[in-house]
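Just below is one structure, and these are the notes that go with it.
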Protein chains: 2
Amino acid sequence: MGLPERKQKILKLLDQHDNRDVQEIADALGISAITIRRDLQQLAEEGLLVRTHGGAMKAPALHPFTAFVDKAGVGQERKQHIGKLAAAQVKPGDTIFLDCGSTVFAMCQHLRKTGPLRVITNSLPVVAAFMDCDQITVNLIGGEVDKERKAMHGQRALQHIDSYHGMKAFIGTDGLSLRNGLTAFSEKEASISKAMAAQADIVYLLCDSGKIGKDSYLKYAPLTMFDHLITDRQLPTSTAAQFKAKGVSVIS
Amino acid sequence: MGLPERKQKILKLLDQHDNRDVQEIADALGISAITIRRDLQQLAEEGLLVRTHGGAMKAPALHPFTAFVDKAGVGQERKQHIGKLAAAQVKPGDTIFLDCGSTVFAMCQHLRKTGPLRVITNSLPVVAAFMDCDQITVNLIGGEVDKERKAMHGQRALQHIDSYHGMKAFIGTDGLSLRNGLTAFSEKEASISKAMAAQADIVYLLCDSGKIGKDSYLKYAPLTMFDHLITDRQLPTSTAAQFKAKGVSVIS
DNA sequence: ATCAAAACAATCAAATTCGATCAAATATAA
DNA sequence: TTATATTTGATCGAATTTGATTGTTTTGAT
């Protein structure tokens, strides 16, 4: 049994049980403990798990944008809930903008059965999600490929968006608060979100409750940029009331 | 038993069991271990499996975009040969156009180690191939997603291409003959190929010998559109001579 | 705070595998 | 046919991997 195969098996063991000790893994694979420890060290360096004394545990959630690659990522339940609500806003025949982000991506599986749609997006995972879906025509924004976010960004992408018009736009954000409005990690995503919002009749902001009240470092738009906030049920009613008092329509 | 046949059998063995060691394969095929190791190296370079110490394991499932890659398909050997030759024409620092087509796609694996490059393409598989390659920046043509061909087409895509300039363009074709020049199945691909050719200083046509002398139904460009024809060694020398007589530079 | 058991890092030795080079066999071309 | 290329198999030194040993650090309980 080679090293890569062992790595796979170790990760699989961690999927079944979040926390395992080295002797347990060694017994399961029939390999000496010392070798398992070496494997764990490599896997830890690759960020695939976290080392503990005597064993290893599953890797913690990563940055927001890489989270959607991670199937069992934290907050996935909430994202699924939001995705379902957002998809319910879409009617057959609509033309919609979808930006790149894990929460917006969660909409895709629910949109597949909606009916004929035209989707305009800068997200490669979104394109992949609809690749085998005949009823949905996809228009992919062109431009520089941002490999980290698996999406298109840059000047050309913005120009491309400006030449389209859609009925609804669904955009995500890294932070949302009454004081600072919408905030983001990166200028790139922020500019795309703004451009899409400007070209749509109705703008939906998708934001799970864990991000509400938190600010990222870049302020890029006021609360007035969007028409409806779609979030989950874990949002305290008091917070929801505050947003409603500011004139925000809250869907949860 | 020839080399291509062995490759197919090795891949079949890996389909049955994700992980095999070289001696196991050697015994199964009745071939020496050293030869199996050479085969595995080739297969690994083609991305059809992953080498491990002492054996090999199945290639990890990649992006959905690469689904069209027909692993052990007919003509794959010739495409690989052409891809290698074409990639050798590219120098570090180049800006190149790559169109959508399996022959052009075969270049990608050989381009990964070339050095810093800027790639402009309308092909989703090409984007996927360079997704984890830091040295290569990719500019994806925007437009309507053609799900069948996994590429972008349409008016907007053509406009997008026109706003760029590249040193070299690598394009495929469905048919090539002295009488009818370049022929294609579909208007969509033909228009993209023409647009890319118009924006590049040097145009390479990638065409395996099986397509030479054959015509598809749509004539879209004369032989003068390209500067160099890259093909395989199965092209009869007499045919090659005919092309050279017409002023075509043939690389094989 | 102290002590014992367990786990860790580092070094070493044995086994296996790999890469490069060379010779024989086969296929291909002139 | 002869000459050239390609492919297969073998050998040898280099590199990788595995498991053991040693001393040090961490953990948990007294």
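List of remarks:
- Any chance B:Ala87 is at pLDDT below 85, open to solvent by less than 50 Å² (accessible area, probe 1.4 Å) and over 20 Å from B:Lys150 (Cα atoms): no
- Search result, residues across segment A:4-48 that are within 12 Å of DNA strand D (Cβ to nearest atom), within 23 Å of B:Ala56 (Cβ to Cβ), open to solvent by 40 Å² or more (accessible area, probe 1.4 Å) and hydrophobic (A, V, I, L, M, F, W, C): A:Ile31
- Leading residue by the ranking (farthest from B:Gly181 (Cα to Cα)) among those in segment B:216-238 that are small (Gly, Ala, Ser) and outside any helix (DSSP H, G or I): B:Ser216
- Members of segment A:152-168 found to be more than 9 Å from every other protein chain (Cβ to nearest Cβ) and in a helix (DSSP H, G or I), listed by number: A:Gln155, A:Leu158, A:Gln159, A:Ile161, A:Asp162
- Neighbours by Cβ (under 8 Å, 6+ apart or cross-chain): first from segment A:37-60, within 14 Å of another protein chain (Cβ to nearest Cβ); second within 15 Å of DNA strand D (Cβ to nearest atom) and modelled with pLDDT under 85: A:Asp39/A:Leu3
- Figure legend. Inter-residue proximity from segment B:133-151: first residues within 8 Å of another protein chain (Cβ to nearest Cβ), second residues acidic (Asp, Glu), beta-carbon distance below 9 Å, spacing 6+ or different chains. Indicated pairs: B:Thr137/A:Glu144; B:Val138/A:Glu144; B:Asn139/A:Glu144; B:Leu140/A:Glu144; B:Lys147/A:Asp132; B:Lys147/A:Asp134.
- Residues of segment B:184-215 classified as at pLDDT below 95, among the acidic types (Asp, Glu) and either open to solvent by less than 30 Å² (accessible area, probe 1.4 Å) or not in a helix (DSSP H, G or I) (or both), total: 2
- Complete set of residues in segment B:216-234 that are closer than 18 Å to B:Ser102 by Cα and open to solvent by 10 Å² or more (accessible area, probe 1.4 Å): B:Ser216
- For A:Val145: the one exception among (1) assigned to a helix (DSSP H, G or I); (2) open to solvent by 10 Å² or more (accessible area, probe 1.4 Å); (3) within 24 Å of B:Leu158 (Cβ to Cβ): (1)
The values are calculated or read from the model by the stated rules, or taken from the named source; none is laboratory data. Just so we're clear, the structure is a prediction, and the values are computed from it rather than from any experiment. Backbone-built Cβ (ideal geometry, glycine too); neighbour counts: all protein chains shown. We work out accessible area using only protein heavy atoms, side chains counted, and drop any ligands, DNA or RNA first. Shrake-Rupley method; radii C 1.70, N 1.55, O 1.52, S 1.80 Å.
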